[in-house]
Structure formats: C-alpha cells, structure tokens
Amino acid sequence: MTRISRLQKRFPELYIDAFLVTDPLNIYYLTGFSLAAGDGCLLVTAENAILITDARYAELLAEFDSDEVVATISGDYYGSLNKICQGMDIDVLGFEDGISYSLYDLLDNLMTTDLVPFHQLIERMREIKDIHEIELLSNAAALLDSGYRYVLSIVKPGMTERELANRLDFWMKDHGATAASFPTIIASGENGAKPHATVTNRAIQRGELVTLDFGYFVNGYTADMTRTFAIGEVAPELKEMYGLVLAAQKAVIQRAHTGINGASLDHYGRQVIEEAGLGDRFIHGMGHGIGLAVHEMPLAYGPNAKHLRLQTNEVITVEPGLYVPGLGGVRIEDDLVIGHGPAQQLTHTPTDLVVVD
C-alpha cells in the first residue's frame, strides 16, 4: 500500500472527502516530488492525487514518473483548487492546521467546501519509517561518522570554531550531502556550556573540550550526531562530566525498545546524572525524532513524556548533556531505530573520549 493510498483509506473515519497538503516535506513524503514552500499544493481525493503548481515546474513534472499523481499547471493555485473541488463534488476538505493565517483566510473566503483542520496527520504517518527510509537514514548517519573523523583529522589549537565549521560544511557537501539540516554547533571551552551555542570566531585552545553537533541531508533524509572531544589533556572535572554523560546515554540506549514510555526511558539516563548531584545541569529532553526533518515526531521525549510510547521503526536521537557555566559542557548523541529487541544504532562513531594531541 502506498503512502497516498494509506491516507485515502482513512478518509471515511476522518469524515472528509479530500485532504489538502501544503507543507513541502509532506508533499515530498506522499509523492516524491519536491516543491519549494509556497509553490503549490497537493489535493488528495478518494481516488486521485493532484499536484497544483506553476509553469516553473513544468519540465520537472514532465520527467516525474508516477502512477498516482497527476499535475495541473496554474498561476492561481487555490483558485484552481476550488474549481477542482467543485468539479469533483468535494463537500468536506481536510487541511493541515499549521498553515499561515493568511492562507487560511484565503481558503475560507475562496473555497465552497467545508474546511476541517487536522493536526499533524501526515507527520504522524512520517513517524514510522519503512525499510527504504531507514536505509536512507543509515546512509546519512554513515556520512556523519565520516565527517566526524574528518574533523578530528584537521582540528588543532588556534583554529576558530567558524573555520572548523566551514571546513566541515565543505567536506560534507563535497562527499554527498545537499545541505545542513540545522546550523552546525561547534562549542569550545566555556561555549560548551551553551546547549545551542552558535559558531563564533573563538580560537579553540589546548586543555578544553569541544562539542560538535551536526546534521546533514543525504537524499532528503537527515541524521543527527553529537560528539565531544578534548584538545590535549583536560581537567579531571571535565573528564568526570564526560563519563557521566556517556553512562547516561548508554543507560538509555540499552533500554530503548518498542512500548517503553518516553518519561521512563528518559529517567534511566537522567538518574545517572541526578545521582551525581548534577541534575540541574541537564537542562533539556533526552532526544527527538528525525527523518525528513531534523526534529520530527516524536518531537521530544523527557520527564514529561509519560503518554508517549515508542513504536517499532521510529527513529530517535539519544542526547544527554551537562552544561556548567564558566567551565564547559558535554553532549553525546546517537540515532536509534526502535524495535522489539535491542535498538538498531545508525551512528557508529565510538563514544569514548577522544583526546586530540
């Protein structure tokens, strides 16, 4: 069963005649065709899938091979949508509730159908990965593993965070990545105490930790990995922090399986840090889902995720961290495929503390 047919099969229980998709990632997920944001929409009816876009995409659509999707070229996307709905006697049209107010206002004034909002309908379909998606995520993760090895081969005292990030970006794109899925974090020394540090012109110095958090798209899917490494020997308290974060991460990975709730999984790792008296220095959730986006369902799991139960073939990150202002920080992150047995790890870079001489 295709993704479009799975959506169509749900129409009776959703009490809709058709569904309007405007999010570019969701359009790509359902059809395999890439539209830029705002460049059109996809109408899925009980028997059809109609892509509405403009003449800029005509040549690409001519090359697009699909047994399910037909396209119509129009400079008035939603005027055409209304005419199609009228011609097909569509009375109730579902739509994604994440659309802008201006688009909703346009639809409300234009459409003759009843409009019914749905929250994360396609995103929940995306939550469970198929075999092909897991293979694509595994390929993206493998490139991150290689990218990290490249970083370790070139980093040296005196290099700035920005220089290192730029060289990594070029290397990743030169080896198959299309784009970063978020701004790369390279946080050295005291900057490591900022979980979402931005890259700066700070020079990396001997005797400190460096946290690298990066993700890149490969064939549409992104992995997400974090490693913290040392430049020369570091203070004992930094080594202790690293050991705690690593122990917390291992505790979560060992217990990640189908059916466990998010709060329980988070607790296995968080308690390692809390028992060491540093619970107030772990200030974010344990992880999130990844796929076509770097943050997708399950969007996050942590102490409050009691009602979230992990499902087979969800792909999540595990990324505990410690952040001590004035000293630095540690975060270690890997990507897992959830299953009934031990989770399948996609990122394979060793997690023992690396000391770059």
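The values are calculated or read from the model by the stated rules, or taken from the named source; none is laboratory data. The structure presented is a predicted model; accordingly, all values stated were derived computationally and were not measured. Please note: Cβ atoms are built from the backbone with ideal geometry, for glycine as well, and neighbour counts cover all protein chains shown. To get the accessible areas, we keep the full protein, side chains included, count just its heavy atoms, and leave off ligands, DNA and RNA. Shrake-Rupley method; radii C 1.70, N 1.55, O 1.52, S 1.80 Å.
Details
- Partner lysines for LYS83 [C-alpha distance under 25 Å; skip if fewer than 8 residues away on the same chain]: LYS9
- Solvent-accessible area per residue for segment 70-228 (1.4 angstrom probe, square angstrom): 45
- When a 1.4 Å probe is rolled over the protein heavy atoms, the share of accessible surface on the chain that falls to carbon and sulfur comes to 51 percent.
- Taking other residues whose beta carbon is less than 15 angstrom from the beta carbon of ALA251, and scoring Lys, Arg as +1 and Asp, Glu as -1, yields -3.
- Rh (Kirkwood; distinct C-alpha pairs) - segment 185-279, Å: 15.2
- Three-way shape call for segment 304-357 based on the alpha-carbon gyration tensor, with the a/c threshold at 1.5: oblate
- Once C-alpha pairs closer than 8 Å and six or more residues apart are averaged by separation and normalised to the residue number of segment 252-352, the relative contact order reads 30 percent.
- Cα shape, segment 71-195, gyration tensor, a/c 1.5 rule: prolate
- At 0.692 mPa s and 37 °C, Stokes D of segment 1-134 from Kirkwood alpha-carbon radius, µm² per second: 217
- Under Stokes-Einstein, with the Kirkwood radius over Cα pairs as Rh, the value for segment 212-357 at 37 °C and 0.692 mPa s is 212 µm²/s.
- Cα long-axis angle, helix 236-255 against the chain (0 to 90 degrees, to the nearest 10): 40
- Radius 9 Å from Cβ of VAL92, net charge of other residues (Lys, Arg +1; Asp, Glu -1): -3
- Tilt relative to the chain, helix 77-87 - C-alpha long axis, 0 to 90 degrees, to 10: 50
- Neighbours of PRO298, meaning other residues whose beta-carbon lies under 9 angstrom from its beta-carbon, give a summed charge of -3 when Lys and Arg score +1 and Asp and Glu score -1.
- Computed magnitude of the charge dipole of the chain (debye, nearest 20; Cβ of K, R +1, Cβ of D, E -1): 1060
- Cα-based shape type of segment 13-56, given that a ≥ b ≥ c are square roots of the gyration tensor eigenvalues and the cut on a/c is 1.5: prolate
- Cα Rg over Rh - the chain, Kirkwood: 1.04
- Under 19 Å from a label point set 7 Å out along the Cα-to-Cβ vector of ASP114, the amide N atoms of segment 7-47 belong to 10-20, 44-46.
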